[in-house]
Amino acid sequence: MITMTKTIFFCLALILSCGNVFGQTASSPMPKIIEKDGRHSLLVDGEPFLMLGGQAHNSSGWPRMMPNVWQAMKLTHANTLEVPIYWEQIEAQRGKFDFSIVDTLLIQARRHHVRLVLLWFATWKNGSNHYMPEWMKLEAAKYPNITGKNGQPVDSPSPNIKATLDADINAFSAVMRYLKKADLQHTVIMVQVENESGSWGSVRDYSAAAQKLFENPVPAELLKPEVLKALNVPTGSEGTWSKVFGDRADEYFQAWSIARFIGQVAAAGKKEYSLPMYVNAALRDPLSNPPATNYESGGPTDNVIPIWKAAAPAIDLVAPDIYLSGSERILKVIELYHRPDNALFVPEAGLIPDNARYLYDVIAHGGIGFSPFGIDDNGRQATETELKEKLAPFAQDYEILSPMMREMAKWSFDGKIKAVVEHEDHADQTIDLGAWQAVISFGTRSGGESFPNKEPHGKMMIVQFGENQFMLIGSLCHVTFHPAGNNTSKVWQYLKVEEGSYHDGLFKPLRILNGDETDWGGPAFGVKPAVLQISLTIR
Ligand code: DGJ
(Lines give C-alpha, C1' and ligand atoms only; values in the text may rest on other atoms or scores of the structure.)
Protein backbone atom coordinates (compact mmCIF):
# COMPACT_ATOMS: atom_id res chain seq x y z
CA MET A 1 0.00 0.00 0.00
CA ILE A 2 2.79 2.39 1.03
CA THR A 3 4.67 1.53 -2.19
CA MET A 4 1.54 2.20 -4.28
CA THR A 5 0.95 5.61 -2.60
CA LYS A 6 4.61 6.44 -3.16
CA THR A 7 4.30 5.52 -6.85
CA ILE A 8 1.19 7.68 -7.31
CA PHE A 9 2.91 10.56 -5.53
CA PHE A 10 6.04 10.17 -7.68
CA CYS A 11 3.99 10.11 -10.93
CA LEU A 12 2.07 13.21 -9.87
CA ALA A 13 5.28 15.05 -9.06
CA LEU A 14 6.72 14.01 -12.41
CA ILE A 15 3.66 15.25 -14.34
CA LEU A 16 3.76 18.54 -12.48
CA SER A 17 7.43 19.11 -13.19
CA CYS A 18 7.30 18.22 -16.90
CA GLY A 19 6.64 21.55 -18.49
CA ASN A 20 2.89 21.66 -17.83
CA VAL A 21 2.04 25.29 -17.25
CA PHE A 22 -0.21 24.34 -14.38
CA GLY A 23 2.59 22.47 -12.59
CA GLN A 24 3.49 25.44 -10.47
CA THR A 25 4.87 26.14 -7.08
CA ALA A 26 2.61 27.66 -4.46
CA SER A 27 1.21 31.12 -4.97
CA SER A 28 3.46 34.08 -4.02
CA PRO A 29 2.43 37.69 -3.27
CA MET A 30 1.12 39.63 -6.27
CA PRO A 31 3.63 41.92 -7.99
CA LYS A 32 2.77 45.51 -7.17
CA ILE A 33 4.16 49.03 -7.33
CA ILE A 34 4.53 50.93 -4.08
CA GLU A 35 5.41 54.58 -3.43
CA LYS A 36 7.32 56.28 -0.60
CA ASP A 37 8.32 59.96 -0.52
CA GLY A 38 7.74 60.27 -4.26
CA ARG A 39 9.93 57.24 -5.09
CA HIS A 40 8.69 53.88 -6.30
CA SER A 41 9.45 50.22 -6.08
CA LEU A 42 8.16 47.21 -7.96
CA LEU A 43 7.62 44.42 -5.46
CA VAL A 44 8.08 40.93 -6.85
CA ASP A 45 7.65 38.03 -4.39
CA GLY A 46 7.13 40.75 -1.79
CA GLU A 47 10.57 42.41 -2.25
CA PRO A 48 11.87 45.32 -4.35
CA PHE A 49 12.85 44.13 -7.82
CA LEU A 50 14.91 45.90 -10.46
CA MET A 51 13.96 44.87 -13.99
CA LEU A 52 17.16 44.44 -15.97
CA GLY A 53 15.14 43.86 -19.07
CA GLY A 54 15.53 42.86 -22.67
CA GLN A 55 12.78 43.30 -25.24
CA ALA A 56 12.32 40.84 -28.09
CA HIS A 57 11.79 42.07 -31.65
CA ASN A 58 8.21 42.65 -32.75
CA SER A 59 7.84 39.33 -34.58
CA SER A 60 9.80 37.13 -32.20
CA GLY A 61 6.98 36.06 -29.88
CA TRP A 62 6.36 32.82 -31.77
CA PRO A 63 7.35 29.39 -30.42
CA ARG A 64 9.95 28.65 -33.08
CA MET A 65 11.58 32.05 -32.64
CA MET A 66 11.96 31.69 -28.89
CA PRO A 67 15.26 29.70 -28.81
CA ASN A 68 16.98 32.78 -30.31
CA VAL A 69 15.31 35.03 -27.79
CA TRP A 70 16.50 32.90 -24.88
CA GLN A 71 20.01 32.80 -26.29
CA ALA A 72 19.96 36.61 -26.43
CA MET A 73 18.55 36.86 -22.92
CA LYS A 74 21.43 34.74 -21.65
CA LEU A 75 24.00 36.88 -23.43
CA THR A 76 22.32 40.04 -22.09
CA HIS A 77 22.28 38.75 -18.48
CA ALA A 78 18.74 40.14 -18.31
CA ASN A 79 16.35 39.08 -15.57
CA THR A 80 13.13 40.13 -17.33
CA LEU A 81 11.98 39.42 -20.87
CA GLU A 82 9.57 41.87 -22.44
CA VAL A 83 7.76 39.97 -25.15
CA PRO A 84 4.73 40.78 -27.29
CA ILE A 85 1.60 38.67 -27.36
CA TYR A 86 -0.49 39.38 -30.42
CA TRP A 87 -4.22 39.83 -30.66
CA GLU A 88 -4.14 38.33 -34.16
CA GLN A 89 -2.45 35.22 -32.73
CA ILE A 90 -4.58 34.79 -29.61
CA GLU A 91 -8.00 35.43 -31.17
CA ALA A 92 -7.36 34.49 -34.78
CA GLN A 93 -10.99 33.43 -34.94
CA ARG A 94 -13.61 35.68 -33.38
CA GLY A 95 -14.40 34.55 -29.83
CA LYS A 96 -12.01 31.52 -29.95
CA PHE A 97 -8.94 32.01 -27.84
CA ASP A 98 -5.68 30.18 -28.17
CA PHE A 99 -3.39 30.72 -25.21
CA SER A 100 -0.73 28.22 -26.20
CA ILE A 101 1.83 31.01 -26.70
CA VAL A 102 1.19 32.18 -23.15
CA ASP A 103 1.83 28.64 -21.91
CA THR A 104 5.02 28.43 -23.97
CA LEU A 105 6.32 31.72 -22.60
CA LEU A 106 5.50 30.82 -18.99
CA ILE A 107 7.11 27.39 -19.15
CA GLN A 108 10.24 28.62 -20.90
CA ALA A 109 10.67 31.74 -18.74
CA ARG A 110 10.50 29.60 -15.61
CA ARG A 111 13.04 27.21 -17.08
CA HIS A 112 15.37 30.15 -17.79
CA HIS A 113 14.71 31.74 -14.39
CA VAL A 114 13.54 35.04 -15.78
CA ARG A 115 10.38 37.08 -15.30
CA LEU A 116 8.10 38.27 -18.07
CA VAL A 117 6.50 41.53 -19.05
CA LEU A 118 3.82 40.76 -21.63
CA LEU A 119 3.15 43.40 -24.28
CA TRP A 120 -0.46 43.36 -25.46
CA PHE A 121 -0.17 44.26 -29.14
CA ALA A 122 -3.82 44.92 -29.92
CA THR A 123 -5.80 47.98 -31.07
CA TRP A 124 -2.66 50.12 -31.21
CA LYS A 125 0.84 49.16 -32.26
CA ASN A 126 2.91 52.25 -33.04
CA GLY A 127 -0.27 54.18 -33.75
CA SER A 128 -1.73 51.67 -36.21
CA ASN A 129 -4.19 48.77 -36.01
CA HIS A 130 -1.96 46.18 -37.67
CA TYR A 131 -2.28 43.58 -34.90
CA MET A 132 -6.07 43.46 -35.03
CA PRO A 133 -7.17 39.96 -36.04
CA GLU A 134 -8.02 39.42 -39.71
CA TRP A 135 -11.73 39.15 -38.96
CA MET A 136 -11.61 42.73 -37.68
CA LYS A 137 -9.50 44.03 -40.54
CA LEU A 138 -12.09 42.57 -42.91
CA GLU A 139 -14.82 44.56 -41.17
CA ALA A 140 -13.24 47.97 -41.54
CA ALA A 141 -16.59 49.77 -41.36
CA LYS A 142 -17.34 48.24 -37.97
CA TYR A 143 -13.81 48.84 -36.62
CA PRO A 144 -12.86 52.05 -38.44
CA ASN A 145 -9.69 54.06 -38.57
CA ILE A 146 -9.59 57.79 -38.03
CA THR A 147 -10.21 60.36 -40.73
CA GLY A 148 -7.75 63.18 -41.34
CA LYS A 149 -8.50 66.89 -41.40
CA ASN A 150 -9.06 66.90 -45.14
CA GLY A 151 -11.11 63.73 -45.08
CA GLN A 152 -8.12 61.53 -45.97
CA PRO A 153 -7.90 57.98 -44.57
CA VAL A 154 -5.34 57.63 -41.76
CA ASP A 155 -3.67 54.36 -40.80
CA SER A 156 -4.69 54.57 -37.14
CA PRO A 157 -7.67 53.13 -35.27
CA SER A 158 -10.38 55.42 -34.00
CA PRO A 159 -10.44 55.54 -30.18
CA ASN A 160 -14.11 56.51 -30.13
CA ILE A 161 -15.64 53.30 -31.47
CA LYS A 162 -17.50 51.10 -29.00
CA ALA A 163 -17.28 47.97 -31.15
CA THR A 164 -13.46 48.18 -31.16
CA LEU A 165 -13.33 48.89 -27.46
CA ASP A 166 -15.66 45.96 -26.66
CA ALA A 167 -13.64 43.59 -28.82
CA ASP A 168 -10.34 44.64 -27.18
CA ILE A 169 -11.83 44.43 -23.69
CA ASN A 170 -13.19 40.98 -24.45
CA ALA A 171 -9.84 39.66 -25.68
CA PHE A 172 -7.67 41.32 -23.04
CA SER A 173 -9.97 40.16 -20.23
CA ALA A 174 -9.69 36.61 -21.57
CA VAL A 175 -5.88 36.88 -21.53
CA MET A 176 -5.80 38.15 -17.96
CA ARG A 177 -8.37 35.54 -16.81
CA TYR A 178 -6.19 32.82 -18.29
CA LEU A 179 -3.03 34.24 -16.80
CA LYS A 180 -4.53 34.28 -13.34
CA LYS A 181 -5.05 30.51 -13.51
CA ALA A 182 -1.84 29.69 -15.35
CA ASP A 183 0.60 31.82 -13.41
CA LEU A 184 0.18 31.29 -9.69
CA GLN A 185 3.89 31.94 -9.19
CA HIS A 186 3.80 35.31 -10.94
CA THR A 187 6.31 34.73 -13.67
CA VAL A 188 4.56 37.64 -15.40
CA ILE A 189 5.22 40.75 -13.34
CA MET A 190 3.70 43.51 -15.49
CA VAL A 191 1.62 43.94 -18.60
CA GLN A 192 1.95 46.66 -21.22
CA VAL A 193 -1.45 47.58 -22.62
CA GLU A 194 -1.16 48.28 -26.39
CA ASN A 195 2.09 49.64 -27.81
CA GLU A 196 2.98 53.26 -28.49
CA SER A 197 -0.62 54.32 -28.94
CA GLY A 198 -1.46 57.58 -30.70
CA SER A 199 -1.74 58.63 -34.33
CA TRP A 200 0.76 59.60 -36.97
CA GLY A 201 -0.53 61.56 -39.93
CA SER A 202 -3.42 63.27 -38.18
CA VAL A 203 -3.53 64.92 -34.78
CA ARG A 204 -7.00 63.51 -34.12
CA ASP A 205 -10.01 61.89 -35.70
CA TYR A 206 -11.93 64.41 -37.84
CA SER A 207 -14.73 62.02 -38.83
CA ALA A 208 -18.27 63.39 -38.42
CA ALA A 209 -18.85 61.24 -35.31
CA ALA A 210 -15.58 62.35 -33.68
CA GLN A 211 -16.24 65.98 -34.62
CA LYS A 212 -19.54 65.82 -32.74
CA LEU A 213 -17.70 64.60 -29.60
CA PHE A 214 -15.05 67.26 -30.08
CA GLU A 215 -17.73 69.95 -29.99
CA ASN A 216 -19.03 68.67 -26.62
CA PRO A 217 -17.89 70.25 -23.34
CA VAL A 218 -14.58 69.03 -21.90
CA PRO A 219 -15.25 66.22 -19.35
CA ALA A 220 -15.30 67.19 -15.66
CA GLU A 221 -12.25 64.99 -14.87
CA LEU A 222 -10.08 67.35 -16.92
CA LEU A 223 -11.52 70.51 -15.40
CA LYS A 224 -10.27 69.76 -11.88
CA PRO A 225 -8.00 72.61 -10.73
CA GLU A 226 -4.95 70.35 -10.32
CA VAL A 227 -5.34 68.94 -13.84
CA LEU A 228 -5.85 72.36 -15.45
CA LYS A 229 -2.87 73.71 -13.53
CA ALA A 230 -0.68 70.86 -14.73
CA LEU A 231 -1.78 71.65 -18.29
CA ASN A 232 -1.05 75.38 -17.85
CA VAL A 233 -4.70 76.34 -18.28
CA PRO A 234 -6.39 78.87 -15.94
CA THR A 235 -8.46 77.15 -13.25
CA GLY A 236 -12.19 77.59 -13.67
CA SER A 237 -11.95 77.21 -17.47
CA GLU A 238 -14.81 75.23 -19.00
CA GLY A 239 -16.62 74.75 -22.28
CA THR A 240 -15.65 73.05 -25.53
CA TRP A 241 -12.22 71.56 -26.19
CA SER A 242 -11.26 74.52 -28.37
CA LYS A 243 -12.42 77.02 -25.79
CA VAL A 244 -10.53 75.41 -22.89
CA PHE A 245 -7.39 74.20 -24.63
CA GLY A 246 -6.97 76.54 -27.62
CA ASP A 247 -4.38 75.38 -30.13
CA ARG A 248 -3.67 72.21 -28.12
CA ALA A 249 -7.35 71.16 -28.24
CA ASP A 250 -7.03 68.63 -31.09
CA GLU A 251 -4.13 66.81 -29.44
CA TYR A 252 -5.67 66.85 -25.96
CA PHE A 253 -8.95 65.48 -27.34
CA GLN A 254 -7.03 62.65 -29.02
CA ALA A 255 -5.04 61.97 -25.82
CA TRP A 256 -8.22 61.89 -23.73
CA SER A 257 -10.00 59.60 -26.23
CA ILE A 258 -7.11 57.11 -26.46
CA ALA A 259 -6.35 57.16 -22.74
CA ARG A 260 -10.04 56.62 -21.96
CA PHE A 261 -10.14 53.64 -24.33
CA ILE A 262 -6.94 52.03 -23.03
CA GLY A 263 -7.86 52.82 -19.43
CA GLN A 264 -11.05 50.82 -19.89
CA VAL A 265 -9.19 47.90 -21.46
CA ALA A 266 -6.73 47.91 -18.53
CA ALA A 267 -9.51 48.18 -15.94
CA ALA A 268 -11.34 45.21 -17.47
CA GLY A 269 -8.11 43.19 -17.46
CA LYS A 270 -7.36 44.13 -13.87
CA LYS A 271 -10.84 43.03 -12.85
CA GLU A 272 -9.79 39.55 -13.90
CA TYR A 273 -6.24 39.70 -12.59
CA SER A 274 -4.73 42.79 -11.09
CA LEU A 275 -1.13 42.89 -12.30
CA PRO A 276 0.66 46.26 -12.63
CA MET A 277 -0.11 47.73 -16.06
CA TYR A 278 1.54 50.46 -18.08
CA VAL A 279 1.56 52.20 -21.44
CA ASN A 280 4.64 53.21 -23.43
CA ALA A 281 5.20 56.48 -25.26
CA ALA A 282 6.71 57.37 -28.62
CA LEU A 283 8.34 60.53 -27.31
CA ARG A 284 8.27 64.08 -28.53
CA ASP A 285 11.23 66.45 -28.17
CA PRO A 286 11.00 67.36 -24.47
CA LEU A 287 12.99 70.58 -24.91
CA SER A 288 11.12 72.48 -27.62
CA ASN A 289 7.35 71.98 -27.10
CA PRO A 290 6.74 71.12 -30.77
CA PRO A 291 3.21 70.94 -32.25
CA ALA A 292 1.61 67.48 -32.27
CA THR A 293 1.96 67.29 -36.06
CA ASN A 294 5.64 66.52 -35.33
CA TYR A 295 5.11 63.35 -33.28
CA GLU A 296 2.63 60.60 -32.50
CA SER A 297 -0.41 62.53 -31.29
CA GLY A 298 -2.46 61.42 -28.29
CA GLY A 299 0.02 58.89 -26.88
CA PRO A 300 1.40 59.47 -23.37
CA THR A 301 3.95 62.14 -24.35
CA ASP A 302 5.30 64.29 -21.53
CA ASN A 303 2.87 67.19 -22.12
CA VAL A 304 -0.26 65.04 -21.78
CA ILE A 305 0.70 62.89 -18.78
CA PRO A 306 -1.90 64.73 -16.63
CA ILE A 307 -4.60 63.83 -19.18
CA TRP A 308 -3.58 60.17 -19.15
CA LYS A 309 -3.57 60.13 -15.34
CA ALA A 310 -7.11 61.57 -15.23
CA ALA A 311 -8.50 59.43 -18.05
CA ALA A 312 -6.90 56.06 -17.27
CA PRO A 313 -6.56 55.47 -13.52
CA ALA A 314 -6.16 51.71 -14.11
CA ILE A 315 -2.83 52.39 -15.82
CA ASP A 316 -0.14 52.34 -13.13
CA LEU A 317 2.46 54.21 -15.09
CA VAL A 318 3.30 55.85 -18.39
CA ALA A 319 6.73 54.95 -19.70
CA PRO A 320 9.12 56.60 -22.16
CA ASP A 321 10.68 54.65 -25.05
CA ILE A 322 14.10 56.10 -25.65
CA TYR A 323 14.91 56.64 -29.30
CA LEU A 324 15.78 60.34 -29.12
CA SER A 325 19.39 61.37 -29.14
CA GLY A 326 21.50 63.74 -27.07
CA SER A 327 22.10 63.44 -23.35
CA GLU A 328 20.33 66.70 -22.48
CA ARG A 329 17.17 65.51 -24.21
CA ILE A 330 17.24 62.03 -22.71
CA LEU A 331 18.02 63.18 -19.17
CA LYS A 332 15.08 65.60 -19.48
CA VAL A 333 12.81 62.73 -20.50
CA ILE A 334 13.92 60.72 -17.47
CA GLU A 335 13.20 63.70 -15.23
CA LEU A 336 9.75 64.25 -16.77
CA TYR A 337 8.59 60.64 -16.36
CA HIS A 338 9.86 60.33 -12.79
CA ARG A 339 6.97 61.87 -10.88
CA PRO A 340 5.42 61.24 -7.48
CA ASP A 341 2.40 59.81 -9.33
CA ASN A 342 4.46 57.87 -11.87
CA ALA A 343 7.07 55.18 -11.34
CA LEU A 344 9.94 55.57 -13.78
CA PHE A 345 10.38 52.67 -16.19
CA VAL A 346 12.15 52.66 -19.56
CA PRO A 347 10.66 49.67 -21.41
CA GLU A 348 12.59 50.41 -24.62
CA ALA A 349 15.89 52.03 -25.40
CA GLY A 350 17.39 51.66 -28.86
CA LEU A 351 20.07 48.94 -28.83
CA ILE A 352 22.96 51.31 -29.47
CA PRO A 353 26.02 51.85 -27.24
CA ASP A 354 24.94 55.47 -26.64
CA ASN A 355 21.90 54.38 -24.64
CA ALA A 356 23.47 51.95 -22.18
CA ARG A 357 24.59 54.70 -19.80
CA TYR A 358 21.05 55.91 -19.10
CA LEU A 359 20.41 52.79 -17.02
CA TYR A 360 22.46 54.52 -14.32
CA ASP A 361 20.34 57.65 -14.36
CA VAL A 362 17.15 55.58 -14.24
CA ILE A 363 18.38 53.67 -11.17
CA ALA A 364 19.43 56.91 -9.45
CA HIS A 365 15.92 58.28 -10.03
CA GLY A 366 14.38 55.29 -8.26
CA GLY A 367 13.40 53.69 -11.58
CA ILE A 368 11.93 50.19 -11.51
CA GLY A 369 13.47 48.94 -14.74
CA PHE A 370 15.18 49.47 -18.06
CA SER A 371 15.36 47.52 -21.29
CA PRO A 372 17.10 47.72 -24.63
CA PHE A 373 14.80 46.96 -27.57
CA GLY A 374 15.33 44.08 -30.00
CA ILE A 375 17.91 41.94 -28.24
CA ASP A 376 17.42 38.81 -30.35
CA ASP A 377 18.86 38.48 -33.84
CA ASN A 378 15.36 38.74 -35.38
CA GLY A 379 15.78 35.56 -37.39
CA ARG A 380 18.84 36.94 -39.17
CA GLN A 381 21.11 34.11 -38.01
CA ALA A 382 23.72 36.38 -36.48
CA THR A 383 26.64 34.50 -34.99
CA GLU A 384 26.93 34.40 -31.22
CA THR A 385 30.02 36.62 -31.46
CA GLU A 386 28.14 39.26 -33.49
CA LEU A 387 25.21 39.23 -31.10
CA LYS A 388 27.48 39.34 -28.06
CA GLU A 389 29.25 42.38 -29.41
CA LYS A 390 25.98 44.20 -30.04
CA LEU A 391 24.63 43.41 -26.59
CA ALA A 392 27.88 44.06 -24.70
CA PRO A 393 27.30 47.70 -23.68
CA PHE A 394 24.14 46.62 -21.84
CA ALA A 395 25.20 43.09 -20.92
CA GLN A 396 28.36 44.20 -19.11
CA ASP A 397 26.35 46.24 -16.64
CA TYR A 398 23.61 43.65 -16.30
CA GLU A 399 26.23 41.00 -15.55
CA ILE A 400 27.51 42.81 -12.50
CA LEU A 401 24.13 44.18 -11.43
CA SER A 402 22.05 41.02 -11.70
CA PRO A 403 23.54 39.25 -8.65
CA MET A 404 22.84 42.41 -6.63
CA MET A 405 19.58 43.54 -8.23
CA ARG A 406 17.54 43.08 -5.04
CA GLU A 407 19.98 45.30 -3.13
CA MET A 408 20.07 47.84 -5.97
CA ALA A 409 16.27 47.96 -6.01
CA LYS A 410 16.19 48.63 -2.24
CA TRP A 411 18.93 51.28 -2.32
CA SER A 412 17.30 52.96 -5.28
CA PHE A 413 13.90 52.98 -3.52
CA ASP A 414 15.56 54.44 -0.40
CA GLY A 415 17.21 57.22 -2.43
CA LYS A 416 20.75 56.07 -1.62
CA ILE A 417 22.04 56.13 -5.18
CA LYS A 418 23.34 59.08 -7.18
CA ALA A 419 24.64 58.90 -10.74
CA VAL A 420 26.17 60.86 -13.56
CA VAL A 421 26.42 60.00 -17.24
CA GLU A 422 28.89 61.55 -19.62
CA HIS A 423 27.62 64.40 -21.80
CA GLU A 424 28.70 65.17 -25.34
CA ASP A 425 31.12 67.86 -24.05
CA HIS A 426 32.92 65.18 -21.94
CA ALA A 427 33.12 67.70 -19.04
CA ASP A 428 33.78 66.58 -15.45
CA GLN A 429 30.74 66.21 -13.21
CA THR A 430 30.39 66.32 -9.44
CA ILE A 431 28.31 64.15 -7.12
CA ASP A 432 27.53 65.75 -3.78
CA LEU A 433 27.89 63.25 -0.92
CA GLY A 434 27.58 65.62 2.06
CA ALA A 435 30.98 65.48 3.71
CA TRP A 436 32.59 64.67 0.34
CA GLN A 437 32.33 65.64 -3.25
CA ALA A 438 33.14 63.07 -5.89
CA VAL A 439 34.42 64.59 -9.11
CA ILE A 440 33.95 62.26 -12.05
CA SER A 441 36.28 62.72 -15.04
CA PHE A 442 35.53 60.79 -18.19
CA GLY A 443 38.06 58.76 -20.14
CA THR A 444 40.49 55.92 -19.51
CA ARG A 445 43.91 55.91 -17.91
CA SER A 446 47.01 53.94 -18.50
CA GLY A 447 50.39 54.35 -16.82
CA GLY A 448 49.44 57.71 -15.35
CA GLU A 449 48.28 59.05 -18.73
CA SER A 450 44.64 60.00 -19.40
CA PHE A 451 42.82 59.36 -22.64
CA PRO A 452 39.48 61.07 -23.33
CA ASN A 453 36.55 58.92 -24.45
CA LYS A 454 35.85 59.11 -28.19
CA GLU A 455 32.14 58.68 -27.53
CA PRO A 456 30.37 59.99 -24.40
CA HIS A 457 29.77 56.56 -22.88
CA GLY A 458 31.23 57.03 -19.40
CA LYS A 459 29.04 56.62 -16.32
CA MET A 460 29.22 56.42 -12.56
CA MET A 461 26.79 55.42 -9.84
CA ILE A 462 27.55 55.96 -6.15
CA VAL A 463 25.65 54.23 -3.36
CA GLN A 464 26.10 55.98 -0.04
CA PHE A 465 26.11 53.69 3.01
CA GLY A 466 27.39 56.16 5.62
CA GLU A 467 29.17 59.48 5.87
CA ASN A 468 32.43 57.94 4.66
CA GLN A 469 31.35 54.67 3.05
CA PHE A 470 30.42 54.25 -0.56
CA MET A 471 30.01 51.74 -3.30
CA LEU A 472 30.96 52.90 -6.79
CA ILE A 473 29.89 51.24 -10.02
CA GLY A 474 31.02 52.67 -13.31
CA SER A 475 32.99 52.53 -16.51
CA LEU A 476 35.14 54.78 -18.71
CA CYS A 477 35.84 57.35 -15.99
CA HIS A 478 37.83 58.01 -12.84
CA VAL A 479 36.83 59.53 -9.51
CA THR A 480 38.54 62.06 -7.26
CA PHE A 481 37.15 62.70 -3.80
CA HIS A 482 37.31 66.15 -2.19
CA PRO A 483 36.48 66.85 1.44
CA ALA A 484 33.39 69.09 1.68
CA GLY A 485 30.92 70.41 4.29
CA ASN A 486 32.33 69.66 7.77
CA ASN A 487 35.38 68.11 6.18
CA THR A 488 36.34 71.12 4.05
CA SER A 489 40.12 71.71 3.98
CA LYS A 490 40.83 68.67 6.14
CA VAL A 491 43.57 66.22 5.26
CA TRP A 492 42.21 62.85 4.24
CA GLN A 493 43.11 59.52 2.73
CA TYR A 494 41.53 56.33 1.52
CA LEU A 495 40.96 53.94 4.37
CA LYS A 496 40.32 51.11 1.96
CA VAL A 497 39.42 50.69 -1.71
CA GLU A 498 38.22 47.21 -2.54
CA GLU A 499 37.27 45.85 -5.93
CA GLY A 500 34.81 43.00 -5.94
CA SER A 501 31.27 41.92 -6.64
CA TYR A 502 28.03 41.37 -4.80
CA HIS A 503 26.61 37.91 -4.21
CA ASP A 504 23.90 36.66 -1.88
CA GLY A 505 23.58 40.08 -0.28
CA LEU A 506 27.29 40.40 0.52
CA PHE A 507 30.21 42.21 -1.07
CA LYS A 508 32.90 39.68 -1.98
CA PRO A 509 36.28 41.44 -2.40
CA LEU A 510 38.52 40.40 -5.24
CA ARG A 511 41.43 42.60 -4.16
CA ILE A 512 42.36 45.81 -2.36
CA LEU A 513 43.27 48.57 -4.81
CA ASN A 514 46.23 50.73 -3.81
CA GLY A 515 49.39 52.26 -5.26
CA ASP A 516 49.05 53.00 -8.98
CA GLU A 517 45.39 52.02 -8.87
CA THR A 518 44.44 54.85 -6.50
CA ASP A 519 47.37 57.31 -6.55
CA TRP A 520 46.94 58.95 -9.96
CA GLY A 521 43.91 61.09 -9.20
CA GLY A 522 41.67 58.38 -7.77
CA PRO A 523 40.38 54.97 -8.80
CA ALA A 524 39.81 54.48 -12.51
CA PHE A 525 37.10 52.49 -14.26
CA GLY A 526 37.82 50.94 -17.66
CA VAL A 527 35.60 49.81 -20.50
CA LYS A 528 34.12 46.98 -18.45
CA PRO A 529 32.14 48.26 -15.46
CA ALA A 530 33.61 47.52 -12.03
CA VAL A 531 32.27 47.58 -8.48
CA LEU A 532 34.41 49.28 -5.81
CA GLN A 533 33.70 49.56 -2.12
CA ILE A 534 35.43 52.66 -0.78
CA SER A 535 35.89 54.07 2.71
CA LEU A 536 37.55 57.42 3.37
CA THR A 537 39.00 58.90 6.53
CA ILE A 538 40.14 62.27 7.86
CA ARG A 539 43.68 62.23 9.30
C1 DGJ B 1 9.18 51.41 -30.82
C2 DGJ B 1 8.12 50.35 -30.73
O3 DGJ B 1 7.47 50.43 -29.49
C4 DGJ B 1 8.72 48.98 -30.93
O5 DGJ B 1 7.70 48.01 -30.89
C6 DGJ B 1 9.48 48.93 -32.23
O7 DGJ B 1 8.59 49.12 -33.29
C8 DGJ B 1 10.54 50.01 -32.23
N9 DGJ B 1 9.97 51.29 -32.01
C10 DGJ B 1 11.24 50.10 -33.59
O11 DGJ B 1 12.50 49.74 -33.57
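The values are calculated or read from the model by the stated rules, or taken from the named source; none is laboratory data. Note that the structure is predicted; figures quoted are calculated from it, not measured. Using ideal geometry, Cβ is built from the backbone for each residue, glycine included, and neighbour counts are taken over all protein chains shown. Keep in mind that these areas ignore ligands, DNA and RNA; they rest on the heavy atoms of the full protein, side chains included. Shrake-Rupley method; radii C 1.70, N 1.55, O 1.52, S 1.80 Å.
So the values come out like this:
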read-out	value
First in the range 193-212 and within 16 Å of Ala292 (Cβ to Cβ), second anywhere and part of a loop (DSSP other than H, G, I, E, B) and open to solvent by 10 Å² or more (accessible area, probe 1.4 Å), Cβ under 7 Å, 6 or more apart	Glu196/Asn126; Ser202/Lys149; Asp205/Asn160; Tyr206/Lys149; Ala210/Asn160
Selection from the range 115-149 of residues that are within 22 Å of Asp250 (Cα to Cα), touching a residue at least 40 places away in the same chain (Cβ under 8 Å) and away from the ligand (no atom under 16 Å from the Cβ)	Pro144, Ile146, Thr147, Gly148, Lys149
Search result, residues across the range 50-72 that are open to solvent by 10 Å² or more (accessible area, probe 1.4 Å) and more than 20 Å from Ser128 (Cα to Cα)	Trp62, Pro63, Arg64, Met65, Pro67, Asn68, Trp70, Gln71
Looking only at the range 226-245, and only at residues there that are assigned to a helix (DSSP H, G or I) and over 30 Å from the mean Cα position of the chain (by Cα), the one that is surrounded by the fewest Cβ atoms within 10 Å (Cβ to Cβ)	Lys243
Matching option when the condition is surrounded by fewer than 21 Cβ atoms within 10 Å (Cβ to Cβ) and not in a strand (DSSP E or B), among Leu179, Leu184	Leu184
Members of the range 187-211 found to be open to solvent by 20 Å² or more (accessible area, probe 1.4 Å), of a type outside the set (A, V, I, L, M) and away from the ligand (no atom under 16 Å from the Cβ), listed by number	Gly201, Tyr206, Ser207, Gln211
Among the candidates Gly522, Gly448, Gly526, residue that is at positive phi and surrounded by fewer than 19 Cβ atoms within 10 Å (Cβ to Cβ)	Gly448
Qualifying positions in the range 153-174 - closer than 20 Å to Lys137 by Cβ and part of a helix (DSSP H, G or I)	Lys162, Ala163, Thr164, Leu165, Asp166, Ala167, Asp168, Ile169, Asn170, Ala171, Phe172, Ala174
Residue among Trp135, Trp124 that alone is under 23 Å from Val175 (Cα atoms), of a type in the set (Phe, Trp, Tyr) and in contact with an Asp or Glu (Cβ under 6 Å, 6 or more places away or on another chain)	Trp124
Counted residues, the range 79-114 - those being within 16 Å of the ligand (Cβ to nearest atom), in contact (Cβ under 8 Å) with a residue 40 or more places away in the chain and either closer than 14 Å to Met66 by Cβ or open to solvent by less than 40 Å² (accessible area, probe 1.4 Å) (or both)	5
Of all residues making up the range 349-393, the number that are of a type in the set (S, T, N, Q) and more than 30 Å from Leu433 (Cβ to Cβ)	4
Options Asp397, Asp414: the member that is over 22 Å from Asp519 (Cβ atoms), open to solvent by 70 Å² or more (accessible area, probe 1.4 Å) and of a type in the set (D, E, K, R)	Asp414
Single residue of the range 41-75 satisfying the filter (closer than 18 Å to Ala343 by Cβ and touching a helix residue (DSSP H, G or I) at 6+ places or on another chain (Cβ under 7 Å)) that is farthest from the ligand (Cβ to nearest atom)	Glu47
Count of the range 367-389 residues which are within 14 Å of the ligand (Cβ to nearest atom) and surrounded by fewer than 24 Cβ atoms within 10 Å (Cβ to Cβ)	3
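Listed here are the residues, each with its yes/no results for (1) more than 28 Å from Glu82 (Cα to Cα); (2) open to solvent by 30 Å² or more (accessible area, probe 1.4 Å).
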residue	(1), (2)
Asn126	no, yes
Trp135	no, yes
Asn150	yes, yes
Pro153	yes, yes
Leu165	no, no
